[in-house]
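Peer 1: Got a structure here, written out as structure tokens. Questions coming.
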Protein chains: 2
Amino acid sequence: MTISALQQARAQYQPKLPKSLKGAVKIVEGAATESVADQAEIKELFPNTYGMPLLTFEATDAATSVDPVNVGVILSGGQAPGGHNVISGIFDGIKKLNADSKLYGFLGGPGGLVDHKYMEITADYLEGYRNTGGFDIIGSGRTKLEEEAQFDKGLEILKALNIKALVIIGGDDSNTNACVLAEYYAAKNAGVQVVGCPKTIDGDLKNEMIETSFGFDTAVKVYSELIGNIQRDANSAKKYWHFIKLMGRSASHIGLEAGLQTQPNITLISEEVAEKKQTLGEIVDYMAGIIAKRAANGENFGVALIPEGLVEFVPEMKALIAELNDLLAEGSESEAKFKSYTDKAEGRAFVSSILSADSSKLYNSLPSLIADQLTLDRDPHGNVQVSLIETEKLLGEMVKTRLAELKAEGKYVGKFGTQFHFFGYEGRCAAPSNFDADYCYSLGYTASVLIGSGKTGYMSSVRNTTAPADEWIAGGVPVTMMMNMEKRHGHMKPVIQKALVELDGAPFKYLAANREKWAVETSYLYPGPIQYWGPSEVCDRTTVTLQLEQTK
Amino acid sequence: MTISALQQARAQYQPKLPKSLKGAVKIVEGAATESVADQAEIKELFPNTYGMPLLTFEATDAATSVDPVNVGVILSGGQAPGGHNVISGIFDGIKKLNADSKLYGFLGGPGGLVDHKYMEITADYLEGYRNTGGFDIIGSGRTKLEEEAQFDKGLEILKALNIKALVIIGGDDSNTNACVLAEYYAAKNAGVQVVGCPKTIDGDLKNEMIETSFGFDTAVKVYSELIGNIQRDANSAKKYWHFIKLMGRSASHIGLEAGLQTQPNITLISEEVAEKKQTLGEIVDYMAGIIAKRAANGENFGVALIPEGLVEFVPEMKALIAELNDLLAEGSESEAKFKSYTDKAEGRAFVSSILSADSSKLYNSLPSLIADQLTLDRDPHGNVQVSLIETEKLLGEMVKTRLAELKAEGKYVGKFGTQFHFFGYEGRCAAPSNFDADYCYSLGYTASVLIGSGKTGYMSSVRNTTAPADEWIAGGVPVTMMMNMEKRHGHMKPVIQKALVELDGAPFKYLAANREKWAVETSYLYPGPIQYWGPSEVCDRTTVTLQLEQTK
């Protein structure tokens, strides 16, 4: 296999570990824990894994001897930079426990466990994947481990391979399921531990014990590199507004961090839109207002960051989408009627006529391209495909219309040209930054210590991450501690609480305190590409979010 | 001004210079030159600047004393990484000639000269721009310097500021105009030298004396970083074909180099399409064939690179576009008729009915979205806006249709999901790679030597660029040497010959020799982000194009 010059050089990198993990490890048990909410229900659902203590690791001189342990690992869900280093950390950790330990990877995500598709991850095989991006080492998948039949099927292969512990690397849902599985195997006395590792590139698996999801650092740095380059272009050519949509359906952590790293003129945050119950019109007014102010200073250019999930956070859009799903449901009379129109404009007039007054008004205000996306591109269940809505173009069109009105009123003098961008796939599989390479390796290594000490239902936790890696605090956190009950598909379920952007948190407050200045002045920062070598303040800097959160 | 950690560290970088430029410089004159074609016409048009010798610089011990010289500089056209370093090189070079020399920047491109908008570039001001991307130091613009009235207006301010030499940093057209200006001032005995620096990010200002345009190295490395990340994602998720359109209207150098750096499954080259007179259908067949082959191996994913200018190189599309421009010309009867249709499908049927048989067939085969783009989005002159055609989506739609046919014939078993990307603005203003930082600084420094020795009508030339910078060969090349006569807007004009991708050149031949393997196997390379520090084989590597061209 030919590999790039960077890969060759980067393969030599030895990720940094916290001091506590470098030699023999002593496990310190903290107090018993409670779930963040709904304690009684969660306790009842997890009799074997509820209330366990927090664990912290400390260095010790006492050498321990451990039997070889076979471990299985699963990558679940969307890619995030550093997954290969989590696996490297597990591998090196269990080999240190005992050189005869083995690591098996289940292929193509959780489905690999159920379908008995696996491979042994050997030292040789692993060598080519250290410090690289992607999940291609064993592949990933989105099969959900939710049913007992799956758990039992999985147990067959775990038994056959003499696997004593399973590590599931995934997001909030995958870790919830990991805990359900831990509980199930514990209740059955199956002899298989289950340990989770926190991964979501969106950054929404985050709490007091999980300071950041792995891969977030790298992905946002890639997006910020590109945003910085585009800002420099905007500021050189001085003729375009760049509307940049960024990954992040359920939370705006990526958009917020990218905004802090690059200081663009506009950074929309979905959580703020929801909190303030903003209408699409209000968002458009806000954007048009800034564009007009800059135009008054002769600056007909700028950059706006738009979180991917924005429209779902706009209450009136949420209502419109719900109505459309209802009214144009598959097989309904109105759907048949709607489909009978060959002329799109007539189709839209019909849709408008059957919507509620509020929704109809909103629907009529949308650019026809977007109105058509709402009604024509439906998923197999007939639902509006929110992910296909081109939010950046929707806002571009509406802002243009608003600016034309302002111009007619004499409140805007300028030219408005737009360029649109959407960044997601560009960053999810980037080679991990030094931070993510170290953090992921430490998370994996931590999992091996949890395994070595017989723990189940825990998630790897590495904290104090703005300090040098040496001083990071490694340990385990019971997954049940992060849970509450939420309605999913009509049923109450125990799930890990999703972390949205907190409007009273330091990162958002920093944005809010500076954005008026950034809007009008051109205060762009150009972070440049991720650096693996060179000055530490460049190579090892953490996210601004972490810096602001940890310097209170 | 707050700047990023990378900018702070990078500001300290001292660009490398060829040995010959480090101390006092001796100028060695070569033989007299001839233009690449149309010698008689070019000679007649440039009596004062035709036939001048090639110049090569050598180090010397003889110290020279030179009077202070005031120099003006202009950035012309689209941004390319390293422009600020060209200016740094000129500044340091003329200061070394004499510490009392001054550098003036004309603002917002060539228009700044005509409109007398300028600033003095002082050492302090320049400090913040060394080794940064963008053209924001003095701005750029697309005004063409073509008319004598402009030249005379420019001369007024040059005289007022006592400017003895003007450096124009631009592409083939800008350097052509620089030479016309040099000739005009020479004929007038105006006492102003004009020197050019070769910049076009597309890479099409390239010949024996100009090995590469500045910024090309950096921009393609940014695109290749992103393509590599997307490839890793494709190879991890294994569910999408990513169609990636890349900058490059008039030549496919960027696509070719990016293909060589990343080894995707498909790399389309416009020049090959033109040479083989391929139809859109043949291109679609080629792509669908590869997709089907990979699907037969169970691999329903891949990456295809598509040059921005592709459709203009497809002979039948060129013919169709010309017919449409003609038939639907502004104010024509058929335009009025076409505009009278409110139903888009009826409008398309009408257009189809007035086209020639061949064009009509092609037009009918296009996805309606694209057919509409061809007829609805016209420029102010009523012409089809080729740059707005979403070539990646056009091919995506057509390939999908072709795959459905193959499936019906039992020749394709697989799923085809697509993601589309377009990279242009993401790379044009990136901070220059070490190569571009050094190369641009050397080009600027070379310009100062040409100025110091009284030359005009020359372009800075720095060659032997795959060797260490120390061994680079700096000198000057008469602009007229690169010229031929071409038809522009109905008139024959002297212009610098545009360099297209040569199908018998080493870079294309390397692609051609490997692409069948890359198509079916997954041979992706992941180049990663540009590195400014670290191992030299990572930080200082040149483009694959240059490596292949210079190791014959």
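The values are calculated or read from the model by the stated rules, or taken from the named source; none is laboratory data. Values in this document were obtained by computation on a predicted structure and should not be read as measured data. Positions of Cβ are generated from backbone atoms using ideal geometry, with glycine treated the same way; all protein chains shown enter the neighbour counts. We work out accessible area using only protein heavy atoms, side chains counted, and drop any ligands, DNA or RNA first. Shrake-Rupley method; radii C 1.70, N 1.55, O 1.52, S 1.80 Å.
Peer 1: Put a dot 7 Å past each Cα toward the Cβ at B:Asp326 and A:Lys144; how far apart are the dots in nm?
Peer 2: According to this spin-label approximation, the distance is 6.0 nm.
Peer 1: Name the residues of segment A:221-241, by number, that are at least 50 Å² less accessible with every protein chain in place than in the isolated chain; the surface is that of heavy atoms, probe 1.4 Å, without ligands or nucleic acids.
Peer 2: A:Asn229, A:Arg232, A:Asp233, A:Ser236
Peer 1: Same structure, new question: Could you tell me which of the pairs A:Lys411/B:Lys117; A:Lys393/B:Lys318; A:Lys238/B:Lys221; A:Lys277/A:Lys509; A:Lys221/A:Lys277 are separated by over 22 angstrom between their Cα atoms in the structure shown?
Peer 2: A:Lys411/B:Lys117; A:Lys393/B:Lys318; A:Lys238/B:Lys221; A:Lys221/A:Lys277
Peer 1: Right, here's the next one. How large is the direction-averaged shadow of the alpha-carbon convex hull of segment B:145-218, in nm²?
Peer 2: Projected area, direction-averaged: 5.4 nm².
Peer 1: Obtain the nm distance between the two label points defined at B:Ala513 and B:Asp285 by a simple spin-label model: each point lies 7 Å from its Cα along the Cα-to-C-beta direction.
Peer 2: The answer from the label model is 2.8 nm.
Peer 1: Rounded to the nearest 0.05, what FRET efficiency do A:Ser365 and B:Ser356 give with R0 = 45 Å and r taken as the Cβ-Cβ distance? Could you check?
Peer 2: It comes out at approximately 0.60.
Peer 1: Any idea of A:Lys164's accessible area? Nearest 10 Å², probe 1.4 Å.
Peer 2: Counting only protein heavy atoms, the figure is 90 Å².
Peer 1: Going by the alpha-carbon gyration tensor, a ≥ b ≥ c the square roots of its eigenvalues, is segment B:308-445 rounded (a/c under 1.5) or, if a/c is not under 1.5, prolate (a/b greater than b/c) versus oblate?
Peer 2: oblate
Peer 1: Calculate log10 I(q)/I(0) of segment A:482-552 for q = 0.17, 0.23 Å⁻¹, where I(q) comes from the Debye formula with a single equal point scatterer on each Cα and nothing for solvent.
Peer 2: -0.88, -1.08
Peer 1: I'd like to know which of B:Gly475, B:Ala322, B:Leu511 lies farthest towards the positive end of the charge dipole of chain B, counting +1 on Cβ of Lys and Arg and -1 on Cβ of Asp and Glu.
Peer 2: Of B:Gly475, B:Ala322, B:Leu511, it is B:Leu511.
Peer 1: Give me the base-10 log of I(q)/I(0) for chain A at each q in 0.09, 0.11, 0.12 Å⁻¹, Debye formula, one uniform scatterer per Cα, rounded to two decimals.
Peer 2: -0.72, -1.02, -1.16
Peer 1: Give the average, rounded to an integer, of partner chain Cβ atoms located within 10 angstrom of each Cβ in A:70-79.
Peer 2: 1
Peer 1: Counting only the heavy atoms of the protein chains, how much of A:Arg463 is accessible to a 1.4 Å probe, in Å² to the nearest 10?
Peer 2: 60
Peer 1: With the contact rule set at Cα under 8 Å and sequence spacing of 6 or more, what percent relative contact order holds for chain A?
Peer 2: Answer for chain A is 24 percent.
Peer 1: Segment B:411-456 to segment A:222-279: how many Å between their Cα centroids?
Peer 2: 25
Peer 1: Check the straight Cα-Cα distances from B:Lys455 and name the aspartates and glutamates below 13 Å, setting aside those fewer than 8 residues away within the same chain.
Peer 2: Candidates past the 8-residue exclusion: B:Glu29, B:Glu183.
Peer 1: Shifting gears a bit: Take the Cα pairs of the protein assembly as shown, get the Kirkwood Rh, then feed it into Stokes-Einstein at 20 °C and 1.002 mPa s and tell me D in µm²/s.
Peer 2: 68
Peer 1: Classify segment A:41-145 as rounded, prolate or oblate, taking a ≥ b ≥ c as the square roots of the eigenvalues of its Cα gyration tensor: rounded when a/c is under 1.5, otherwise prolate if a/b is larger than b/c and oblate if not.
Peer 2: Oblate, since a/c reaches 1.5 and b/c is not below a/b.
Peer 1: So the label point sits 7 Å from Cα along the Cα-to-Cβ vector; using that for A:Gly382, what distances do you get to the other copies, in nanometres, sorted shortest first?
Peer 2: Values, ascending and in nm: 4.8.
Peer 1: Moving on. Given a Förster distance of 45 Å, report the FRET efficiency between A:Asp372 and B:Val36 from their Cβ-Cβ distance, rounded to the nearest 0.05.
Peer 2: That gives a FRET efficiency of 0.30.
Peer 1: Just to compare against my own numbers: the Cα pair-distance distribution for segment A:309-388, 5 Å bins, whole % per bin, please.
Peer 2: 3, 15, 30, 31, 16, 5, 1
Peer 1: Have a look at segment A:495-543 and report residues whose accessible surface goes down by 40 Å² or more when the remaining protein chains are included, against the chain on its own, probe 1.4 Å, ligands and DNA/RNA excluded.
Peer 2: Going by heavy-atom accessible area, the residues of segment A:495-543 that drop by at least 40 Å² are A:Leu525, A:Tyr526, A:Pro529, A:Gln531, A:Trp533, A:Val538.
Peer 1: Return the FRET efficiency for the residue pair B:Ala63, A:Ala62: r is the Cβ-Cβ distance, R0 is 56 Å, and the value is rounded to the nearest 0.05.
Peer 2: Computed FRET efficiency for B:Ala63 and A:Ala62 comes out at 0.15.
Peer 1: Placing a label point 7 Å from Cα toward Cβ, how far apart in nm is A:Glu346 from its equivalents in the other copies, listed shortest first to one decimal?
Peer 2: Values, ascending and in nm: 1.0.
Peer 1: Shifting gears a bit: Expressed in whole Å with the largest first, what are the equivalent ellipsoid semi-axes of segment A:396-552 derived from the C-alpha gyration tensor as the square root of 5 times each eigenvalue?
Peer 2: 40, 24, 16
Peer 1: For A:Lys188, give me every one of the aspartates and glutamates with a C-alpha distance below 13 angstrom, ignoring sequence neighbours fewer than eight places off in its own chain.
Peer 2: Within reach: A:Glu148, A:Asp152.
Peer 1: How big is the dipole moment of chain B about its Cα centre under a simple scheme where the beta carbon of each Lys and Arg is +1, that of each Asp and Glu is -1, and everything else is neutral? Debye, nearest 20, please.
Peer 2: The dipole of chain B has a size of about 1000 debye.
Peer 1: Let me ask you something else. Using the alpha carbon gyration tensor of segment A:154-283, what are the three equivalent-ellipsoid semi-axes (square root of 5 times each eigenvalue), largest first, in whole Å? Before the final figure, lay out each step's value.
Peer 2: Details: eigenvalues 355, 59, 21 Å².
After scaling each eigenvalue by five and taking roots: 42, 17, 10 Å.
Peer 1: Using a 1.4 angstrom probe and counting only protein chains, how large is the accessible area of B:Trp518 in Å², to 10?
Peer 2: It works out to around 10 Å².
Peer 1: Find the sum over both chains of the accessible area lost when A and B are paired, probe 1.4 Å, and report it in Å² to the nearest 100.
Peer 2: Approximately 4300 Å² gets buried when A meets B.
Peer 1: Tell me the distances, shortest first, between B:Gly30 and the same position across the other copies, using label points 7 Å along Cα→Cβ, in nm to one decimal.
Peer 2: 7.2
Peer 1: Quick one: check the C-alpha center-to-center distance for segment A:18-43 versus segment B:474-552, whole angstrom.
Peer 2: 57
Peer 1: Another question, if that's okay. If you take every DSSP beta bridge whose two residues both sit in chain B, what share of them, in percent to the nearest 5, is antiparallel?
Peer 2: Around 45 percent antiparallel, to the nearest 5.
Peer 1: Modelled label-to-label distance, B:Lys159 and A:Asp343, 7 Å Cα→beta-carbon offset: nm?
Peer 2: Here the modelled spin labels are 6.7 nm apart.
Peer 1: Something else: If you roll a 1.4 angstrom probe over the protein chains with everything in place, what fraction of the accessible area of segment B:443-515 belongs to carbon and sulfur, to the nearest %?
Peer 2: 51
Peer 1: Accessible area per residue for segment B:196-335 in Å², computed with a 1.4 Å probe and the full protein assembly in place, what is it? Before the final figure, lay out each step's value.
Peer 2: Values: 3630 Å² over 140 residues.
Ligands and nucleic acids excluded, the figure is 26 Å² per residue.
Peer 1: Shielding by partners for B:336-343, please: the mean number of other protein chain Cβ atoms within 10 Å of each residue's Cβ.
Peer 2: 1
Peer 1: Counting helices only, and only those DSSP H runs with n ≥ 4, report the 222 nm mean residue ellipticity of the protein assembly as shown as the sum of -39,500 (n - 2.57) divided by its residues, in deg cm²/dmol to the nearest 500.
Peer 2: Helix-only estimate at 222 nm: -13000 deg cm²/dmol.
Peer 1: Taking accessible area as the heavy-atom solvent-accessible surface of the protein chains with a 1.4 Å probe, which residues of segment B:111-138 lose no less than 50 Å² upon going from the isolated chain to the full protein assembly?
Peer 2: Hits at the 50 Å² cut-off: B:Asp136.
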